[in-house]
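Report on one structure; see the data block that follows.
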Amino acid sequence: MRIVTSRAPDRSEAGQTPVAPAGQARLTLALAGGKAAATASRVLRVGGGTSLPGIVASRIDPHVLQKATAASDARKVVVTGSNGKTTTCRMLAALAQAGGLSVTQNRSGSNLLQGVISAAVRGTDLRGRMDAQLLLLEVDEATVRLVAPDVRPDTFLITNVFRDQLDRFGELYSMARRLEEVIEALPASATAVLNGDDPLVASLAPGASARRLYFGIRAASADAASADGTVPEHAADTIRCVRCQQRLSYRAVHLSHLGDYECPACGNARPGLDVAVTAIRPSRGGGSEITVETPAGTFPLRVSLPGVHNVYNAAAALAGSIAQALPRPLEPAQARQALADLRPAFGRLEEIQAGDRQVVLAFVKNPTAYNTTLREVLRRPGRKHILAAHSNTVVDGEDFAWLWDVDLEDLVPHLASVVSSGTRAEEVALRFKYAGASPAAMEVLPSRSAALDRALAHTPPGESLYIFAGYTPMRELRSIMQRRGWVRPSWEE
Amino acid sequence: MTTAPMTVRICHLYPSLLSVAGDRGNLFALMHRCTWRGIRYSVTEADVDVVPDFSRCDLILLHGGQDREMTAAALDLEAKAGPLRDAIESGAVVLAVCAGYQLLGRSYAPAEGPPITGLGVLDVVTRAGPERFIGHVAVECDLGPGGQGQLTGFENHSGRTFLGSGAEPLGRVLAGAGNNGQDGTEGARYREVYATYLHGPVLPKNPWLADHLLSRALAHRYQDCGPLAPLTDQAETQAHAAALRLARRPARRWRAAASAVSRVRRPRSPRAPATAGAVRPRATTPR
């Protein structure tokens, strides 16, 4: 079956922009400024230039994002949600390239407004023309309502909505309401790609005119070690019907509150899945062999990244890519190749050789992401040496109460040592103490480099140090390891 | 001290409905602090449609939730109201947090929709304000013998609570907004009910309050239980001190945010600075 194109009507001449001459001059200046900033930040080695170009360009022309994307013929995809954005985008880019599209995307998880504008600056020439055929943007869920009106996505994909940084985002339902507004503003030619297994996401904006494409898991059970039967874990959020507040009943729970649900009171149930994972088998090397049924055919895929959360990411990416009008139909063999070769994004259970020890770096920012990471780590043998780091920053928020919703109790019986770090190191240590960690096995070292040294010293040669860290300390620890030559800069990925 | 091991009977109300931001840390704190002292405990979980035997509860936890969950809990609480009131009058200890605090008051008027009638054991009324109070808090408390200390934690609420003549505040705000951002009060007390806007792990981080609740709960059950054995509390003391420092950062005291990020469609930065203690408006989503 051929998916109806979701592209905007072709403009008569590529590169012909609707921008007035004066506006064009300002846009050119803004793009030049942004590009210069990108070059400068690299030459001066002050970072990967993931947000500075956006800051400079939008200072020169506040409408740079709107103008640059309006002038472009590229298909536009915006991906948002609580967890899985970065990995879904990496998979979507790989699939789109396999389907014959060139891709421009924001990298390194730079998903706030400046990171998005930086990506548009990088992908656009000085006249505002975009070479790539697909503009793929990962956008923070609080930022997406600022980005979507400018970018006017052809495809808007929501991976899932979990409780995350209540101090930054407000209540779960106000976040949902803001996502709903983005879906409602989509034209009928656009597609909303939604996680059908997420009761909150599936119910968003039911009256919107955009086409809806639901993805999810219809397999009898997800991989046994992480499937939780039919009862959501403690940290699950949307376990009540969004319409009538009755407790949902689940035929299967695959992850947190994601699964096959039905409300016993009002009949609200998981929608029919357009892109459905119908089989999941563990594959060699820790990933999964999955079968995905889609309107564009059946895809037997190998997901190289471990865990059922990556099965969801793969289903989301496949749904997102078939929502595009690809120049040539996506062949199952090509799609399989595209996903089978994927390595984890930085900080997503990224394995780093640190001399004669190994470091596994995991970015954890909310209870669901943390619990998912814990489950993966606990599948590996041996007692665990841990470095746990959180800091209060603009990106990471001020409130770390959510650490108490993480099931660290499951880790403690396997714990050999834990060094807590970051500006909230004391809070992290307190959580580990009340999870049952012995005070003798715990140390508090707010300095990231001192904590890394100490945690590595605890880890015997040949064994692994697991780092669980919020965004800012994760970036800091990664740069320390980068300076030591253990890992490449994240922007080279 | 009684010779047979003592048992504290804990009742966790609405564990799935009202548990939004790490509130279960309070339960963990009580459990561990009993275990470390050789005190036994039992935990009864009572969600919707379950009415526990409140006459056999010494310590009742009633935590926070978002608006929808709070409405569902308020409806269910009608069935539990009588025996819960009796338990409170008989001296059972209650820790009520955020939405749980509001539910024990007389009424709660949300920004939209009909007012919610509370249990009325606390002489307080709450109405939704135009913006949320979000930030670190420090409170000076004097709860009687063994109950003096500084309480610290994090608040995130749009409800403004005002005390009537029959309610005492839990303490005086040193930093943060507290009940309403105006009168310098935080939380409320009545008999052995302790209500606060400080959510999440307030008991692990304030071990003096955890122990005060435990000793009052033991006194509720046992005539002569003596003082609690002291604990080292090194991690607790460090976390408490760190949280107090955050609350009392001079530049980051609570202040009304002049501009509302939700009203500015296109701010220069993607969001307002997340200064601790800043008020960020969520006008449509009171708690």
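Every read-out reported here was derived from the displayed coordinates using simple, explicitly stated rules and does not represent laboratory data. Keep in mind that this is a model prediction, so the values were computed, not measured. Here Cβ is always computed from backbone atoms with ideal geometry, including for glycine, and neighbour counts include all displayed protein chains.
The amide H of A:PHE162, built 1.01 Å from its N in the peptide plane, has A:SER82, A:ASN83 as neighbours under 5 Å, considering only residues 5 or more places off or on other chains.
Contact order for the stretch A:37-136, expressed relative to its length and based on alpha carbon pairs under 8 Å spaced 6+ residues apart, stands at 40 percent.
With helices defined as uninterrupted DSSP H runs, which ones in chain B have an alpha carbon span along their own long axis of at least 24 Å and mean Kyte-Doolittle hydropathy of at least 1.0? Before the final figure, lay out the partial values.
Values: long enough: B:67-89 (29 Å, -0.35).
Sorted by number, there is nothing, because no helix extends far enough and scores high enough.
When only Cα pairs below 8 angstrom with a gap of at least 6 residues are kept, chain A shows a relative contact order of 13 percent. Measuring between their Cα centroids, the stretch A:334-390 and the stretch A:71-100 lie 22 Å from each other.
Counting Cβ atoms of other protein chains within 10 Å of each Cβ in A:428-441 and taking the mean gives 4. Per residue of peptide B:230-236, the mean number of Cβ atoms on other chains within 10 Å of the residue Cβ is 4. The residues B:ASP76, B:ASP211, B:ASP142, A:ASP197, when put in order of fewest to most other Cβ atoms within 10 Å, stand as B:ASP142, B:ASP76, B:ASP211, A:ASP197. Taking 29 Å as the limit for the C-alpha separation, the pairs A:LYS85/B:LYS205; A:LYS433/B:LYS80; A:LYS365/A:LYS433 exceed it in the case of A:LYS85/B:LYS205; A:LYS433/B:LYS80.
How far is the Cα center of the stretch B:116-156 from the Cα center of the stretch A:452-493, in Å? What the calculation gives is 41 Å, centre to centre. Under a 5 Å amide H cut-off, with hydrogens placed 1.01 Å from N, B:TYR14 pairs with B:ALA46, B:ASP47 among residues at least 5 apart or on other chains. FRET efficiency for the B:SER90 to A:ARG178 pair, using the beta carbon distance and R₀ = 41 Å, is estimated at 0.30.
Calculated [222 nm] ellipticity per residue, helices only, for chain B: -8000 deg cm²/dmol; basis is -39500 (n - 2.57) per DSSP H run with n ≥ 4, divided by all residues, nearest 500. With R₀ set to 25 Å, the beta-carbon distance separating B:SER42 from B:SER16 gives a calculated FRET efficiency near 0.85. When the alpha-carbon atoms of the stretch A:175-309 are used, the pair Rg, Dmax equals 15.5, 44 angstrom. Looking at the stretch B:167-246, the pairs of alpha carbons with a distance over 18 Å make up 52% of the total. Phi angles across the stretch A:343-360 convert, under the Karplus curve 6.51 cos²θ - 1.76 cosθ + 1.60 with θ = phi - 60°, into 3J(HN,Hα) values of 9, x, 5, 4, x, 9, 6, 6, 9, 10, 7, 10, x, 8, 10, 10, 10, 10 Hz, Gly and Pro given as x.
Exposure proxy for B:MET6, A:MET130: other Cβ atoms within 10 Å of each Cβ, ordered fewest to most, give B:MET6, A:MET130.
Compute the relative contact order of the stretch A:247-376 as a whole-number percentage, counting only Cα pairs closer than 8 Å that sit 6 or more residues apart in sequence. Computed over the stretch A:247-376, the figure is 15 percent. For chain A, the mean projected area of the C-alpha convex hull, equal to one quarter of the hull surface, is 22.0 nm².
Per-residue ellipticity at 222 nm for chain A, helices alone: DSSP H runs ≥ 4 residues times -39500 (n - 2.57), over residue total, nearest 500 deg cm²/dmol?
Value at 222 nm, helices only: -10000 deg cm²/dmol.
Residues B:TRP36, A:TRP486, ranked from the fewest to the most other C-beta atoms within 10 Å, line up as B:TRP36, A:TRP486.
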